[in-house]
Amino acid sequence: MTEQSLIAEAMSQIWFQFVLVAIFGFLTGLEFREYILLRSKELPEIPSISLGATRTFTFIAVLGFVLYLLDPELQLYLAGLLGLTLFFALFYYQKLRSGQPGLLQPLISLVVYTYGPAIMLQPPWFLVLLFVTIVFILSARPFTQQLTRNLEPQEISTLAKFLLLSGVILPLLPNHSISSYIPATPFKIWLAVVVISAISYAGYILKKYLLKRQGYLVTGLLGGLYSSTATTVVLARKSRLLEHPDAALNAGILAASGIMYLRLLALIAIMNTNLIPHTYIPLMLFSITTIAGAILIDRKAPDAADTTTDLGRSNPLELGIALLFAILFVVMMIITQQVINHFGQTGLNLLSFGVGFTDIDPFVLSILSGHYQATSLQQLSAAIIIAAGSNNLLKAVYAATLGGFRNSGRIAAYLLILGLGTIGYGLTMSAVIL
């Protein structure tokens, strides 16, 4: 008999299930006891009212197991649940009278009461998942308190509206073309908006709430996830105010461009996997080289205190921003189709070069979401790479003009070389198939 079959045999035994339920009930009580002790240290002036911890939770878990086992029709189990609920209602009433409105212990106790049915009706991992969830909730108290203090109220409403449009409206949109001038379906168009906004929102949340006070290198890495151009502008302006060049600021500017390549690769992986074979190697190569260069520059910088750098961008999930992006996306898609139809690959290369001096996201997503009959996958991949390269030229101009040649001239030169190298690679890809 194999080890796997032995485990399965043991899991089917009632005594083994009983032991597991008792152990997990006991461990839950231990974790809740630690939670109560920590809370008492943080708020010693407020006496904590508790029903118990380890033995209480163990008994509740065993009680649920026994009552469910003895009566398959659930009458005993439901009677026990009703009794616990009434008892917890009295307990909660007493807590309210003492000025403590927390419902955490009664709720956790009711979940522990389901340990028995969970182990008998579901796979073992489900019981483990229940236990881990409770442990996470109890241990996440400091994090949730900090998040509650720092989170702006409008962030939640903005996220809720966006989830409505992405989770409810998106599936209802037609997935067929509505016009010969727009080579993508309404579903594809809005999916592109959802994807780019979600990626930008991840960087926005990380920088604003989770890694608020970090060095410029981390600022550049997170800013590249959000907007490498905006990050370059902010850090270059900060550099101009210094008497001497700051290697850490330059490292942050370069790191933002390195993350830009990974961001493009993520968009390709989500929106059009057919382009991955043509873009994976160059985008990864440029990204690794750029980020490695940024790390080397940052190591040469003197140690500095943590920084708070405002990237100066609005929440990317705001509906106005999403709708504006959708309009730009459709316009860029129409322009791209007309350029390809009338000027072919040469026109597409020139367009991608020019687009790089603006926001490249609408253009890149128009390439990934559209169906352009007159072009190959390699041509479309070359256009994306050229746009990324010309965008680095724009950032080189920003670094030199906003940061000044004295403080940001060297990093501007790096961005210039990086941009020309990226454009050269894209033109080489395009020339191979001309």
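The values are calculated or read from the model by the stated rules, or taken from the named source; none is laboratory data. Here the structure is a predicted model, which means the values were calculated and not measured. Virtual Cβ from ideal backbone geometry, glycine too; neighbours counted across all protein chains shown. For accessibility, only protein heavy atoms count, side chains too; no ligands or nucleic acids. Shrake-Rupley method; radii C 1.70, N 1.55, O 1.52, S 1.80 Å.
If I filter the stretch 164-210 down to residues being under 16 Å from ILE327 (Cα atoms) and polar (S, T, N, Q), which single residue comes out as modelled with the lowest pLDDT?
For the stretch 164-210, the residue satisfying everything is SER179.
Condition (residue is at pLDDT 80 or above, part of a helix (DSSP H, G or I) and aliphatic (A, V, I, L, M)) applied to the stretch 94-103: is it met by at least one residue?
No: zero hits.
State yes or no: is TYR68 of a type in the set (Ser, Thr, Tyr), modelled with pLDDT under 90 and closer than 19 Å to PHE131 by Cβ?
Taking the combined requirement at face value, the residue does not satisfy it.
Could you please tell me which pairs satisfy a Cβ distance under 6 Å, a separation of 6+ or placement on different chains, a first residue in the stretch 282-306 that is part of a loop (DSSP other than H, G, I, E, B) and at pLDDT below 95, and a second residue that is open to solvent by less than 90 Å² (accessible area, probe 1.4 Å) and of a type in the set (Gly, Ala, Ser)?
LYS300/ALA247; ALA301/ALA247; ALA301/ALA248
Is it the case that THR375 is open to solvent by 20 Å² or more (accessible area, probe 1.4 Å) and either within 18 Å of HIS278 (Cβ to Cβ) or touching a Ser or Thr at 6+ places or on another chain (Cβ under 6 Å) (or both)?
yes
Of everything in the stretch 71-91, what is in contact with a helix residue (DSSP H, G or I) (Cβ under 6 Å, 6 or more places away or on another chain) and open to solvent by 30 Å² or more (accessible area, probe 1.4 Å)? Give them in sequence order.
The answer is LEU76, and nothing else.
With respect to TYR93, determine if the residue is over 32 Å from the mean Cα position of the chain (by Cα) and more than 19 Å from THR58 (Cβ to Cβ).
The answer is yes for TYR93.
If LEU30 passes every condition in (1) open to solvent by 80 Å² or more (accessible area, probe 1.4 Å); (2) modelled with pLDDT under 90 but one, which one does it miss?
With respect to (1) open to solvent by 80 Å² or more (accessible area, probe 1.4 Å); (2) modelled with pLDDT under 90, LEU30 is out only on (1).
Just checking, which of GLY426, GLY356 is buried (at least 23 other Cβ atoms within 10 Å of the Cβ), touching a Pro at 6+ places or on another chain (Cβ under 9 Å) and in contact (Cβ under 8 Å) with a residue 12 or more places away in the chain?
Result of the check over GLY426, GLY356: GLY426.
From the list LYS161, LYS238, LYS188, LYS208, which one is part of a helix (DSSP H, G or I), under 21 Å from TYR398 (Cβ atoms) and either open to solvent by 20 Å² or more (accessible area, probe 1.4 Å) or among the basic types (Lys, Arg) (or both)?
LYS238
Across the stretch 402-418, what is the total count of residues that are part of a helix (DSSP H, G or I) and touching a residue at least 60 places away in the same chain (Cβ under 8 Å)?
Going through the stretch 402-418 one residue at a time, the tally reaches 10.
Scan (1) modelled with pLDDT under 85; (2) farther than 16 Å from LEU283 by Cβ for the single condition LEU368 breaks and write down its number.
(2)
Is it true that some residue in the stretch 249-264 is farther than 18 Å from TYR414 by Cα, open to solvent by less than 40 Å² (accessible area, probe 1.4 Å) and not in a loop (DSSP other than H, G, I, E, B)?
yes
I need every pair where a residue in the stretch 74-103 that is closer than 24 Å to GLY116 by Cβ has its Cβ under 6 Å from the Cβ of a residue that is open to solvent by 90 Å² or more (accessible area, probe 1.4 Å), sequence separation at least 6 or different chains.
Listed pairs, sorted by first residue: LEU76/LEU70.
Does ALA269 satisfy being over 23 Å from LEU365 (Cα atoms), among the small types (Gly, Ala, Ser) and at pLDDT 80 or above?
No.
Across the stretch 361-388, what is the total count of residues that are part of a helix (DSSP H, G or I) and over 21 Å from ILE199 (Cα atoms)?
Counting residues in the stretch 361-388 that are part of a helix (DSSP H, G or I) and over 21 Å from ILE199 (Cα atoms) gives 7.
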